Amino acid sequence: MQNNLPTVTIVGAGLAGCEAAWQLVRRGIPVRLIEMKPVKYSPAHKSPGFAELVCSNSLKAEQLSNASGLLKAELRTLDSLILSCAEESRVPAGGALAVDRHLFSDKITETIKGHPLVTFESRVVDAIPEGPTIIATGPLTDPALCDAIAARTGVKALNFFDAAAPIVTADSLDMTKVFRASRYGKGTDDYLNCPMTEEEYNAFYDALMGAELAELHDFEKKLVFEGCLAVEILASRGRQTLAFGPLKPVGLIDPRTGKEPYAVVQLRQENAQGTMYNLVGFQTRLKWGEQKRVFSMIPGLENAEFVRYGVMHRNTYLNGPSILGANYAMKGDPLLRFAGQLSGVEGYMESTASGLTAAIGLACALTGKPEPDFTGRTILGALARHVTTPTPNFQPMNANFGILDPLPYKVRGKRNRYEKLSECAIETLNEVIVTYELR
Ligand SMILES: Cc1cc2nc3c(=O)[nH]c(=O)nc-3n(C[C@H](O)[C@H](O)[C@H](O)COP(=O)(O)OP(=O)(O)OC[C@H]3O[C@@H](n4cnc5c(N)ncnc54)[C@H](O)[C@@H]3O)c2cc1C
């Protein structure tokens, strides 16, 4: 114990763990950071430094008309270490923030390791540490720790594989083509239905069969094989398999024709606000560009905005809604928090964001201050809310405007609306900072 404040143990020196460590030490709270590299490497990690980017070196868009840009603005407002090191190691990438990954990792490693309030241990953690702790061990958390987390939270709380269908925003759908109905008119009209003619179905089928698949890492091959069936695999069983399976039109009458269409793609509401919908049965391993090209052929989705593409990959994450509360704290144990991809967010900057939020929440809990409510009007708050909101099939989420509370007034044009949402988010964040004295 230093400064009369207890030491926080952080497990994992990835993006979330390093950001969490920074947010704690800049508030005077000592940190013990434990990282298994270089003693042991996950199947995707290769270098000994902290905050290793395991794949792309892009941290996505910077403009405020993009949700990734808004997330960066919010992180900057709260003095994020990951963001400032990224800006100092940037390489040219148009409107995106891309980095020299080695320089980026070196800067973060030096800052964290060199901080007087940080002690560092290199070892594999196989049990949940005692005392205030943030676990940020990422999508490839070492198996022994997974077992310990499953034992503490219940086995059903931990997922090891992500097989998700794409999600689109409601306001990007062409509602002159899409109709709301439930099959045979049973229950409430919960689904949006995209009707296809035979010609449209055949053109879509041919495009799907010719589309390119994303590469699999060796360690993912067995999992994908055992995971749930991708739409392209189902389609490869025969031209009519989808029309008799997830795209079956029976019991769905298109009010514009008074008939059952040849095939129907159903969209299911994704969030309570009704701003996002997922494509039912469309778990897929198509490359992201291919998903945009092929799924935009579905009537009504011609200009759809994809806020999350379908994925099938190894991804360890908690079923947040059953075990997490505000600011990524374990329900009933505010001194234990989860952060990063493991907590149910998706992406480099989102993992950073959850590390920041979890650490600020924990810092408040340790210093006897009320924990901030970032609200659903900021991306930081909306991501934290996502991981605690019960949904039938909880999936990790990246930053997008669909998870924010909608504006209470109408704004014409998508770009204008997004800029307004960003403006409102930054205003809200500044109010939260003042209210909870977060600087
Ligand atoms: C193959 C792959 C490719 C990806 N590509 C992208 C991409 O291009 N863009 C994107 O935005 N996101 C990508 N992601 C998601 C990406 O992992 C996360 O966005 C981000 O790295 C997660 O940050 P994190 O801090 O949660 O975990 P990580 O950055 O993975 O950090 C976790 C750290 O914990 C350590 N650790 C694990 N278990 C233990 C243990 N038991 N004891 C001690 N230390 C432990 C690990 O060694 C690691 O350093 C990819 C993920 C994978 C697996």
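Rule-based calculations on the coordinates, nothing more; no lab input. If you're wondering where the values come from, they're calculated on a predicted model, not measured in any experiment. Cβ atoms come from the backbone with ideal geometry, glycine included; neighbour counts cover every protein chain shown.
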Subject >> 0 to 90° range, to nearest 10: angle between helix 198-210 axis and the chain longest Cα axis >> reply: 40 degrees
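List the relative contact order of the chain as a percent without decimals, with contacts defined as Cα pairs under 8 Å and 6+ residues apart.
21 percent
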Original post:
Extension gain Ala207-Tyr262, at 0.36 nm per residue separation less the Cα-Cα distance, in nm?
Top reply: 18.1 nm
Subject >> Mean residue ellipticity (222 nm) of the chain, computed from DSSP H runs ≥ 4 via -39,500 (n - 2.57), nearest 500 >> reply: -10000 deg cm²/dmol
Original post:
Distance in nm between label sites at Leu407 and Lys331, each 7 Å beyond Cα in the beta-carbon direction?
Top reply: 3.6 nm
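Counting GluC sites (Glu not before Pro) as exposed when in a DSSP loop with at most 16 other beta carbons within 10 Å, what is the longest stretch of the chain free of them?
Numbers: sites that count: Glu130, Glu212, Glu215, Glu302, Glu437.
It works out to 303-436.
Could you calculate the FRET efficiency of Leu229 with Asp147 from 1/(1 + (r/R0)^6), where r is the beta carbon distance between them and R0 is 30 Å, rounded to 0.05?
Numbers: r = 28 Å, r/R0 = 0.94.
Here the calculated transfer efficiency is 0.60.
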Original post:
In segment 66-132, which trypsin sites (Lys or Arg not before Pro) are in a loop and have at most 12 other Cβ atoms within 10 Å, using DSSP for the loop call?
Top reply: Arg123
Original post:
By counting other Cβ atoms within 10 Å of each Cβ, how are Trp288, Trp22 ranked from fewest to most?
Top reply: Trp288, Trp22
Original post:
Mean separation of Cα pairs under 8 Å and 6+ residues apart, divided by the residue count of segment 167-309: what relative contact order is that in percent?
Top reply: 42 percent
Subject >> Helix 414-435 axis, angle to the chain major axis (alpha carbon atoms, nearest 10°) >> reply: 30 degrees
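Mean shadow of the chain, computed from the convex hull of its alpha carbons, in nm²?
Working: hull surface 85.0 nm².
Average of the hull's projected areas for the chain equals 21.2 nm².
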**OP:** Just grab the label-to-label distance for Tyr184 and Val91, each label 7 Å out from Cα along the Cβ direction, in nm (one decimal).
**Re:** 5.8 nm
**OP:** Could you state the angle between the C-alpha long axis of helix 101-113 and the longest principal axis of the C-alpha atoms of the chain, as a value from 0 to 90 degrees rounded to the nearest 10?
**Re:** 40 degrees
Original post:
Want the number for Asp126 to Gln240: 0.36 nm per residue separation, take away the alpha-carbon distance, what's left?
Top reply: 36.2 nm
